[in-house]
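The next block holds one structure in the form of structure tokens; read it before the comments.
The values are calculated or read from the model by the stated rules, or taken from the named source; none is laboratory data. Computed from a predicted model, the values in this text were never measured in an experiment. All Cβ positions, glycine included, derive from the backbone under ideal geometry; neighbour counts span all protein chains shown.
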Amino acid sequence: MVFQLVSFLLALAMPVWLGWLLARLFPAWAPGQAAGLASISLLLCFLWAAAAFYAAVEPASCGDEPCGDVAPYGLAALLIFGAVSLLVGFGLGLIGHWLGRRKRDR
């Protein structure tokens, strides 16, 4: 349980840190550009977790007999949750960019 909590917190901290780092290294970049690049890290974490969950659940759900589509809306849910994680990563990247720019402007 502790490993999952630490992994979740690191996944949320990664876009903030990347936004802060991009604001410090490339001050001429627009905030949306830096936040967009930083948001990809949270999307990749989500896709890795979704693929690991699918790989763990799919073989155990049917047994020996062939089964039909066990999750008919699985792809739609994956796309929606992926878009939500991308938007959350973008917001966290903007916060990180704001923190990095604020510290640089002092």
TODO: Go through the residues of segment 18-41 one by one and say whether even a single one is closer than 16 Å to Phe81 by Cβ, modelled with pLDDT of 85 or more and surrounded by fewer than 17 Cβ atoms within 10 Å (Cβ to Cβ).
DONE: yes
TODO: Give segment 42-52 a look and list any residue that's modelled with pLDDT of 85 or more and either outside any helix (DSSP H, G or I) or of a type in the set (A, V, I, L, M) (or both), or say none.
DONE: Leu42, Leu43, Leu44, Leu47
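One line per residue, one yes/no per condition, for (1) assigned to a helix (DSSP H, G or I); (2) among the charged types (D, E, K, R); (3) at pLDDT 80 or above; (4) touching an Asp or Glu at 6+ places or on another chain (Cβ under 6 Å):
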site	(1), (2), (3), (4)
Glu65	no, yes, no, no
Gly68	no, no, no, no
Gly82	yes, no, yes, no
Ser85	yes, no, yes, no
Gly91	yes, no, yes, no
Leu94	yes, no, yes, no
Trp98	yes, no, yes, no
Arg101	yes, yes, yes, no
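Ala34: assigned to a helix (DSSP H, G or I) and more than 28 Å from Pro72 (Cα to Cα), yes or no?
Numbers: assigned to a helix (DSSP H, G or I): yes; more than 28 Å from Pro72 (Cα to Cα): yes.
Criteria met by Ala34.
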